[in-house]
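The values are calculated or read from the model by the stated rules, or taken from the named source; none is laboratory data. Predicted, not measured: the structure shown is a model, and the values here were computed from it. Positions of Cβ are backbone-derived with ideal geometry, glycine not excepted, and every protein chain shown enters the neighbour counts.
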Amino acid sequence: MGLRGTRRKKRYAHGPLEGEGALVLSVDTSSPWMNLAVTKGAALVCEFSSHQVYAHARVLLPAMEAVLSAHELSLSAIDAFGVCLGPGSFTGLRVGITTVKGLAYSLEKPCVGVSSTELLARGLSGSGLVGCAIDAKKGEVFMALYRCDGKNVVEVKEPFAAAPEVALEGVSKSACGELVTLVGSAVPLYSQLLEERFSQEFAIPGGDVHRIRGSVLGAACATHFAAGRTLSSGTLEPVYARAPIIHGHND
């Protein structure tokens, strides 16, 4: 099955399957960007990204099939499934997590779950405090704070939802005067607030660091799997960071 109709497709192949280690297929549908990655041990086999707005349910399974077929793999060859747990788009999260749960259950394979904020933090090189700000719609942002040392990512403040100013003040307080590098989809949306009120507390990096990338998704899930941080399909749950809104889009 092809991927006709997808927008802004990208696929990066990294050569044949070689070496040792588990094959992990990882999925991220927490935002308008859909990301897939296949890793073998610590090596990235391939990644795929496509900008999808309200289309994850239609595109995800064909994309997984295409990525695997490109490397002559089948779902039965996968040793574990990784998935972004959020916070993010409630609809998108349900699509990705439900798909992974179903595949893992039917194939009797373990799962790995990673938050969207951790994935954003892992997308930066270097060390220090990293704040992650994701547009949560409804005039709010999802925020979290991590300490990174170039290899490890440690959660300082778990993901939460709040009005932008309140969220930034909360993270700034947790930083105790240390400069925080801020990334995420909410950063460009609230650039004026950041410049006028928080220019001394937060540093804004340039480059493609304000969205989750497939390579980072794959590396994070492979790391968690290697460390034994696995879950059964029945215990895999989204990180909503606030109660889902039942009526109307919250994406």
Selection from region 60-85 of residues among the acidic types (Asp, Glu) and in contact with a strand residue (DSSP E or B) (Cβ under 7 Å, 6 or more places away or on another chain) yields Asp79
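Hey, among Cys84, Cys46, which residue is more than 30 Å from Lys157 (Cα to Cα), touching a helix residue (DSSP H, G or I) at 6+ places or on another chain (Cβ under 8 Å) and not in a helix (DSSP H, G or I)?
On the way: Cys84 fails: more than 30 Å from Lys157 (Cα to Cα).
Of Cys84, Cys46, the one residue that is more than 30 Å from Lys157 (Cα to Cα), touching a helix residue (DSSP H, G or I) at 6+ places or on another chain (Cβ under 8 Å) and not in a helix (DSSP H, G or I) is Cys46.
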Does region 65-81 hold any residues that are surrounded by 22 or more Cβ atoms within 10 Å (Cβ to Cβ) and not in a strand (DSSP E or B), and which are they?
Val67
Working only within region 191-238, note down all residues that are touching a residue at least 24 places away in the same chain (Cβ under 8 Å) and more than 21 Å from the chain's Cα centre (by Cα).
Leu193, Leu194, Arg197, Phe198, Glu201, Phe202, Ala203
Filter region 194-223 down to residues that are modelled with pLDDT of 95 or more and loosely packed, with under 13 Cβ neighbours inside 10 Å and give me whichever is farthest from Gly41 (Cα to Cα).
Glu196
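Considering region 125-136 alone, what residues qualify as being part of a loop (DSSP other than H, G, I, E, B) and at pLDDT 95 or above? If you could, list the steps in order and put the result at the bottom.
Within region 125-136, the subset part of a loop (DSSP other than H, G, I, E, B) is 125-126, 136.
Correct list: Ala136 only.
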